[in-house]
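Here the structure is laid out as structure tokens; the discussion comes afterwards.
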Amino acid sequence: MTSDVSALVAAGIVAQTVNVIAYPVLTHFYTPADFGLFSTVTAISGFAGAVMLLRIDTLYQIASQDEEDGLLTAAIIVALAATALVFVVGLLFGQMLMQKAQIDFHGADWHWGYAAMIALLALVNGIFLLSREFGAKNGRYSRLALAQIARTALTVGSQLGLILALKDAGSIGLMAGFSLGLMAATFMIWPIRAELVRALVAAPQQAFATTGRVLHRFRSYIQVDVVNVLIRMSTLVAYPIFVLMSFGVEETGLYAVASRVTFIPIDVLAAAISTVYFQRLARAVREDSGTMRLYLTTLSGALAIALAIAGLLALMAGPLVDLVFSARWTRTSVIILYLLPTFLPRFVTTCIGSTPLALKRPDLLFHWNIVQLFIIGGALLLSHNQSLEVFLLYSGLALIAASALYAVFLFMTLARRPTIGIA
């Protein structure tokens with residue numbers, strides 16, 4: 001497990017080093033309002049992308065080898081149908097939703113292109129999630145690592161290049177760069193073989209029948225886990241949306257950059273640990289051996305790493321922001337400090353978050369995600385008419401307490417499983 005994590009972590013370090021260098025430069029050319037709109041739109045497309053495949057991506061990880069082609073066929077059919085649905089919803093209701101959220105999206109110019117962009121981003125997000133599970137299950141960690149580096153390099157390179165070409169690219173420049181990086185990374189780890197696509201084109205009725213059988217067989221898992229991921233993604237999307245509606249687009253931009261800096265270790269290290277942990281735990285569950293040791297090792301390691309990183313961020317946030325950011329971004333350092341209580345539990349739970357999926361207990365995730373939504377809603381009520389910092393502090397402290405109880409509950413769930421032995 002250590003060598004696999006190391007490959008992803010090394011790539012993550014390279015990718016996020018590029019981000020750390022590029023973000024201060026980007027803030028000199030893009031305004032907080034640009035970042036606010038960019039973070040909101042990408043959060044919405046990520047929200048749709050997480051359920052674009054009806055969680056077939058996680059099913060692929062835990063399925064047996066003889067089920068894999070059927071799942072990939074179903075993924076293609078479901079992805080195409082879901083993309084069309086997102087496009088229609090965006091076309092019919094996009095302008096209204098943007099206005100409700102108080103987003104200046106040039107409503108008078110709203111047209112099918114915006115709906116197509118959101119639908120395409122959602123589709124690529126969904127395929128990218130499937131690609132990661134495909135690569136992890138087949139041990140292609142080097143390719144995953146290269147895709148991660150390429151995604152970041154193309155994203156920030158395009159965002160900076162558009163500034164040079166257009167002078168005032170605005171939020172569209174940020175979105176275009178993000179889209180290019182995501183699509184390139186997805187194609188690098190593309191999970192669907194050409195033979196499978198040709199078979200689908202040659203016999204579409206058979207592909208639809210296969211999709212129907214897959215959805216019927218795994219309907220309980222899909223129903224529960226789709227709800228779970230919708231709720232889980234709601235907790236992530238809720239932050240920029242709530243900040244936008246409560247504190248304005250500029251505060252959302254400050255939050256977007258501060259959270260990007262603070263959560264870099266989650267994107268790099270926790271995500272790498274989670275990817276390998278899910279694959280290892282799913283195999284341990286199938287073999288009925290070693291689950292408890294794997295869980296405890298991952299949990300304790302994640303906690304130690306999170307505490308160390310939080311300490312470094314607390315010491316370095318102020319000097320770092322003063323050194324590399326322009327004057328209009330000075331409050332970023334304060335927001336970083338208030339994000340640390342959220343960083344700690346999010347890092348740890350990201351590392352072990354796939355435990356319920358490996359156990360085929362998505363109901364556990366459902367309850368955990370409901371708790372997180374209540375925490376965000378409660379913090380918003382308690383911090384009403386106060387500052388963004390107060391909202392982040394309340395929600396972060398509550399999340400620490402809830403995450404500790406959740407980790408204990410997962411431990412008890414694993415302990416009740418009969419095992420052959422611990423190795």
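Read-outs: derived from the displayed coordinates by stated rules, not from any lab. Model, not experiment: these values are computed from the prediction. Because the Cβ atoms are built from the backbone with ideal geometry, glycine has one as well, and the counts that use them run over all protein chains shown.
Using θ = phi - 60° and the Karplus form 6.51 cos²θ - 1.76 cosθ + 1.60, what ³J(HN,Hα) does each residue of segment 174-180 get, whole Hz, x for Gly and Pro?
Working through the residues one at a time gives 5, 5, 5, x, 4, 5, 4 Hz.
Can you tell me which of 310, 302, 327 moves the most in a GNM of the chain? Springs connect C-alpha atoms under 10 Å apart.
Largest GNM mean-square fluctuation: 327.
Under 8 Å for C-alpha pairs, at least 6 residues apart: give me the relative contact order for the chain, rounded to a whole percent.
On the way: 546 pairs, mean separation 97.3, N = 423.
That works out to 23 percent.
Based on Cβ point charges of +1 for Lys and Arg and -1 for Asp and Glu, what charge dipole magnitude is obtained for segment 263-417 about its Cα centre, in debye rounded to the nearest 20? Mind showing how you got there, number by number?
Values: 11 positive and 6 negative charges, 91 e Å.
It comes to approximately 440 debye.
Just want the answer: with Cβ charges of +1 for Lys and Arg and -1 for Asp and Glu, which residue in 311, 13, 71 is farthest toward the dipole's positive end in the chain?
So the residue furthest toward the plus end is 71.
In what sequence do 183, 52 fall when counting other Cβ within 10 Å, fewest first?
Numbers: 183 18, 52 29.
Least to most surrounded, the residues fall as 183, 52.
Taking the number of other C-beta atoms within 10 Å as the exposure measure, put 167, 360 in order starting with the fewest. Intermediate results must be reported in sequence, preceding the final value.
Working: 167 8, 360 15.
Fewest-to-most Cβ neighbours within 10 Å comes out as 167, 360.
Quote to one decimal, in nm, the extra length available between residue 18 and residue 88 on full extension: 0.36 nm per residue of separation minus the C-alpha distance between them.
Working: separation 70, 0.36 × 70 = 25.20 nm, distance 3.65 nm.
Residue separation times 0.36 nm, minus the Cα-Cα distance, leaves 21.6 nm.
Distance from the Cα centre of segment 309-345 to that of segment 380-414, in angstrom?
20 Å
Where does the chain land at 222 nm, in deg cm²/dmol rounded to the nearest 500, when only DSSP H runs of n ≥ 4 count, each adding -39500 (n - 2.57), divided by all residues? Show your work: numbers first, answer last.
Details: 17 runs with 349 residues, N = 423.
That calculation yields -28500 deg cm²/dmol at 222 nm.
Starting at the first residue of segment 343-356, write each ³J(HN,Hα) from the Karplus equation 6.51 cos²θ - 1.76 cosθ + 1.60 with θ = phi - 60°, in whole Hz, x for Gly and Pro.
Values per residue, Gly and Pro as x: 4, 4, x, 5, 4, 5, 5, 5, 4, 9, x, 8, 4, x Hz.
Please get the size of the charge dipole for the chain, origin at its Cα centre, with Cβ charges of +1 on Lys and Arg and -1 on Asp and Glu, quoted in debye to the nearest 20.
Details: 26 positive and 21 negative charges, 174 e Å.
Charge dipole of the chain: 840 debye, to the nearest 20.
Which whole-Hz ³J(HN,Hα) couplings does segment 6-19 yield from phi under the Karplus relation 6.51 cos²θ - 1.76 cosθ + 1.60, θ = phi - 60°, glycine and proline marked x?
Karplus-based 3J(HN,Hα) across segment 6-19 equals 4, 4, 6, 5, 4, 5, x, 5, 4, 4, 6, 5, 4, 4 Hz.
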